[in-house]
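S.K.: I'd like to ask you about the structure that follows.
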Amino acid sequence: MKKNVLVFGLISGVVASTIMAFSMIYMSKHPELEAGTGSMVVGYLSMLIAFSLIFVAVKNFRDKQNAGVISFGKAFLMGLFISLIASTMYVITWAFVHHYYMPDFMEKYAAAMIENAKTSGTPAELQKTIEQMNSYKEMYKNPFFFAMFSYMEILPVGLIVSLITALILKRKQAAIA
C-alpha cells in the first residue's frame, strides 16, 4: 500500500503542479486574458484529472495486491495520503511560482474582487469586500497562511475524490470468478 500511495501521490502531484504552474505563468505573461471563471475551470479540471489517479491506485491495490478486497476505511486512507502528497507538491510549486513569477498575485486578485464588488453590490458590501481583501493580502504575506490558503484550494478536491473512490471500490469479499 505504501508504494502505491507514494507512486500515485507523486504522479498526481506532478500532474496538478505542472498544469497549475504552466497555466499561472502563462496568465502572468498575458495580462490581457481575464483570469476569471475560465481559469478556475481549468484549475479544478486539472485537479480532478490529477486526483483521478486515486481511483487507479485504490483499484490497483485492491485487485492486484489485496486479493480483490478493500475496506472503505483503507480505500479512503489511501486516497487521503495520495491527496496529501499531491497537495503538498502543489503548495510548494505555487510558492515557487508566486515568489518568482507572480509576486503581485494577491494585489491583482484583491483588485479584481473589489472591482467585481463595485459593479454588483451595495456600498456596504463593497466596504466589506475591501476590508476582507486587505485582510487576505496581509494574511497571504505570512507563510503559514499562504500554505493554508493553497491547501484549501486543492485538498478538498482530493478528499471528495477519495470519498467517492472509497464508496465505489470498497469490497468486503473477493469477487467470484
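The values are calculated or read from the model by the stated rules, or taken from the named source; none is laboratory data. Everything numeric here is computed off the predicted structure, so don't read it as measured data. Heads up, the Cβs are rebuilt from the backbone with ideal geometry, glycines too, and the neighbour counts pull from every protein chain shown.
S.K.: Just checking, which of Ile49, Ile54, Ile25 is β-branched (Val, Ile, Thr), assigned to a helix (DSSP H, G or I), in contact (Cβ under 8 Å) with a residue 40 or more places away in the chain and closer than 20 Å to Met152 by Cα? I'd like the intermediate steps shown before the answer.
M.R.: Numbers: Ile49 fails: in contact (Cβ under 8 Å) with a residue 40 or more places away in the chain; Ile25 fails: closer than 20 Å to Met152 by Cα.
One residue alone meets the criteria, Ile54.
S.K.: Among the residues of the stretch 63-91, count how many are assigned to a helix (DSSP H, G or I), touching a helix residue (DSSP H, G or I) at 6+ places or on another chain (Cβ under 6 Å) and not aromatic (Phe, Trp, Tyr). Working first, answer last.
M.R.: Filtering the stretch 63-91 for residues assigned to a helix (DSSP H, G or I) gives 63-65, 72-91.
Cutting the leftovers down to touching a helix residue (DSSP H, G or I) at 6+ places or on another chain (Cβ under 6 Å) gives us 72, 75-76, 78-83, 85-87, 89-91.
If we keep only those that are not aromatic (Phe, Trp, Tyr) as well, we get 75, 78-80, 82-83, 85-87, 89, 91.
Number of matching residues: 11.
S.K.: If I go through the stretch 18-41 residue by residue, how many of them are surrounded by 14 or more Cβ atoms within 10 Å (Cβ to Cβ) and modelled with pLDDT under 80? Lay out the reasoning, then the answer.
M.R.: Residues of the stretch 18-41 surrounded by 14 or more Cβ atoms within 10 Å (Cβ to Cβ): 18-21, 23-25, 27-28, 35, 39.
From what is left, the residues that are modelled with pLDDT under 80 are 27-28, 35, 39.
Number of matching residues: 4.
S.K.: For the stretch 140-150, check the following and say yes or no: at least one residue is aliphatic (A, V, I, L, M), closer than 30 Å to Lys3 by Cα and either in contact with a helix residue (DSSP H, G or I) (Cβ under 6 Å, 6 or more places away or on another chain) or part of a helix (DSSP H, G or I) (or both). Steps first, please.
M.R.: Looking only at the stretch 140-150, we keep the residues that are aliphatic (A, V, I, L, M), and these are 147-148.
Right, trim to closer than 30 Å to Lys3 by Cα and you get 147-148.
From what is left, the residues that are either in contact with a helix residue (DSSP H, G or I) (Cβ under 6 Å, 6 or more places away or on another chain) or part of a helix (DSSP H, G or I) (or both) are 147-148.
The answer is yes; a qualifying residue exists.
S.K.: Do we find a residue being free of Cβ contacts under 8 Å to residues at least 12 places away in the same chain, at negative phi and surrounded by 15 or more Cβ atoms within 10 Å (Cβ to Cβ) anywhere in the stretch 73-96?
M.R.: Yes: the stretch 73-96 contains one or more residues that are free of Cβ contacts under 8 Å to residues at least 12 places away in the same chain, at negative phi and surrounded by 15 or more Cβ atoms within 10 Å (Cβ to Cβ).
S.K.: Continuing with the same structure: Would you mind stating whether Gly73 is within 17 Å of Pro156 (Cβ to Cβ) and at pLDDT 90 or above? Steps first, please.
M.R.: Working: within 17 Å of Pro156 (Cβ to Cβ): no; at pLDDT 90 or above: yes.
Taking the combined requirement at face value, the residue does not satisfy it.
S.K.: Hey, another quick one. I'd like to know if the stretch 30-38 contains one or more residues that are in a helix (DSSP H, G or I) and in contact with a helix residue (DSSP H, G or I) (Cβ under 9 Å, 6 or more places away or on another chain).
M.R.: Step one: filter the stretch 30-38 for residues in a helix (DSSP H, G or I), giving 37-38.
Now drop any that are not in contact with a helix residue (DSSP H, G or I) (Cβ under 9 Å, 6 or more places away or on another chain), which leaves none.
No, the stretch 30-38 has no match at all.
S.K.: If you don't mind, there's one more thing I want to ask. At pLDDT 95 or above and in contact with a helix residue (DSSP H, G or I) (Cβ under 6 Å, 6 or more places away or on another chain): is that true of Met47 in this structure? Let's see the steps before the verdict.
M.R.: Working: at pLDDT 95 or above: no; in contact with a helix residue (DSSP H, G or I) (Cβ under 6 Å, 6 or more places away or on another chain): yes.
Criteria not met by Met47.
S.K.: Might you let me know whether the stretch 152-166 holds any residue that is modelled with pLDDT of 85 or more and hydroxyl-bearing (Ser, Thr, Tyr)?
M.R.: Here is the first cut: in the stretch 152-166, the residues modelled with pLDDT of 85 or more are 152-166.
Keeping just the survivors that are hydroxyl-bearing (Ser, Thr, Tyr) gives 162, 165.
Checked against the condition, which is being modelled with pLDDT of 85 or more and hydroxyl-bearing (Ser, Thr, Tyr), the stretch 152-166 yields at least one hit.
S.K.: Moving on to the next point. Does the stretch 120-129 contain at least one residue that is among the hydroxyl-bearing types (Ser, Thr, Tyr) and within 23 Å of the chain's Cα centre (by Cα)?
M.R.: First, the residues of the stretch 120-129 that are among the hydroxyl-bearing types (Ser, Thr, Tyr): 120, 122, 129.
Filter once more, keeping what is within 23 Å of the chain's Cα centre (by Cα): none.
Looking through the stretch 120-129, none of the residues is among the hydroxyl-bearing types (Ser, Thr, Tyr) and within 23 Å of the chain's Cα centre (by Cα).
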